[in-house]
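In what follows, a single structure is set out as structure tokens and then discussed.
Here, each number is a calculation from the coordinates, and none is a lab measurement. As the structure is a computational prediction, the values presented were derived from the model and not from experiment. Cβ coordinates were reconstructed from backbone atoms using ideal geometry, including for glycine residues, and neighbour counts include every protein chain displayed.
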Amino acid sequence: MGRFSMGNAALVAEGLAEDNNTTWEALLSKHPKAAEHRRQEGPAGLEAGDPLSVPEDAVLSAIKEFPRGSGAGPSSLRAQFLKDAAGAPDNPGVVAEMTSFVNLLLAGKVPVEARPYLAGATL
């Protein structure tokens, strides 16, 4: 096992941290908020607390940028499947549905039961 493999194993050895106040406090102590004068403003028109969202053209562009032959993740979903589906002329609503899914993720509205699978990539 090489050094990178050992590092990756250490990163995932303990699994996901529990979602509780102790974990939250530990994260805040390691990653404090930036001082007021160092904070950057978000995109124009975005109010504090508004979820981020992306337009269809940005999702399509990101899908097209996957390198040919990209490997599948734990779900066995390959990037080529997304590329093929997004370019299918007989199903123009695919990119709109993919965009809705991406925006659901950005809004933090993923069901609790699905979160370990979406954030549980093998390194």
query = How far apart, in nm, are two points set 7 Å out from the Cα along the Cα-to-Cβ line at Ser53 and at Leu28?
reply = 3.0
inquiry  = Suppose R0 equals 30 Å. What FRET efficiency, 1/(1 + (r/R0)^6) with r the Cβ-Cβ distance, do Ser70 and Glu36 give to the nearest 0.05?
reply    = 0.15
